[in-house]
1. Starting at 0 and stepping by 5 Å, how many percent of the alpha carbon pairs of the stretch 57-178 end up in each bin?
2. Can you list residues whose amide H is under 5 Å from V134's amide H, if they're 5+ apart or on another chain and H is modeled 1.01 Å from N?
3. What are the residues whose amide H is under 5 Å from the amide H of R66, where those residues sit 5 or more places off or on another chain and H is modelled from the backbone?
4. Let me see the P(r) profile for the stretch 60-118: every Cα-Cα distance counted, bins of 10 Å, each bin given as a percent of all pairs.
5. Going out from 0 in 10 Å bins, what whole percent of all Cα-Cα distances in the stretch 98-154 drops into each bin?
6. Which peptide among 126-137, 156-167, 82-93, 101-112 comes first, and what is the full order, when sorted by highest mean count of other Cβ atoms within 10 Å?
Amino acid sequence: MIITEKYLRHLIRSTLTEGGLKMPPQYRRDLTPKLVQEAAAVYRNFMQGFNLWLEAMGEDPLQPIRPTGSSTYANRDITEKPDATYGDIDYLVSFPVVYNGSNTTEKRTDEKNSVKKYTSLLLEYLKTRSPVEVNVDLTGEVTPWMIIVRVPSGGFAQVDTVITHPPYSEWMKGMKLK
């Protein structure tokens, strides 16, 4: 498949929907490198549990790739700038998609349907399993991919899922969001 620059711009606009900070002020902490590392580890653990549940349901798993945006510097900053703070935590995740069409419009529809399907599955998982890593009430149903995780050092952190699909995963790995 040939990916045009125009299509990539559209993809960025349509699938990189970061929604800002939804966590109430009383739960917020400064996003230091240590907190980013903790939250990312909890998020990966949550995704592992979600993927096991998906597979048990006969669904393809999601592929968590890595933190992205400003939080990608947390590993470096933990030693060089331990007091650094970040605006948010973004985690790049590839969602499986079955392409039924071959033209760009049909592929976009298939990708949107994939996101809808996995959003519905996520909401079902949160409701039926109440995973300990997530504050289900704060995560809510409106923007469930903005996941509020419980961090080991206490409190919560918001991890925004940045959605991509397999054809774009390699390209997205190199992209900086901030």
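Rule-based calculations on the coordinates, nothing more; no lab input. Owing to the predicted nature of the structure, the values given are computational and were not obtained by experimental measurement. Positions of Cβ are backbone-derived with ideal geometry, glycine not excepted, and every protein chain shown enters the neighbour counts.
1. 2, 10, 17, 20, 20, 15, 9, 5, 2, 1
2. R150
3. Long-range HN contacts for R66: L92.
4. Calculated over all Cα pairs of the stretch 60-118, the distribution is 20, 32, 23, 17, 7 percent.
5. All Cα pairs, binned at 10 Å, distribute as 22, 37, 23, 15, 3 percent.
6. Working: 126-137: 15.2, 156-167: 21.7, 82-93: 18.0, 101-112: 13.2.
So the order, starting with the most tightly packed, is 156-167, 82-93, 126-137, 101-112.
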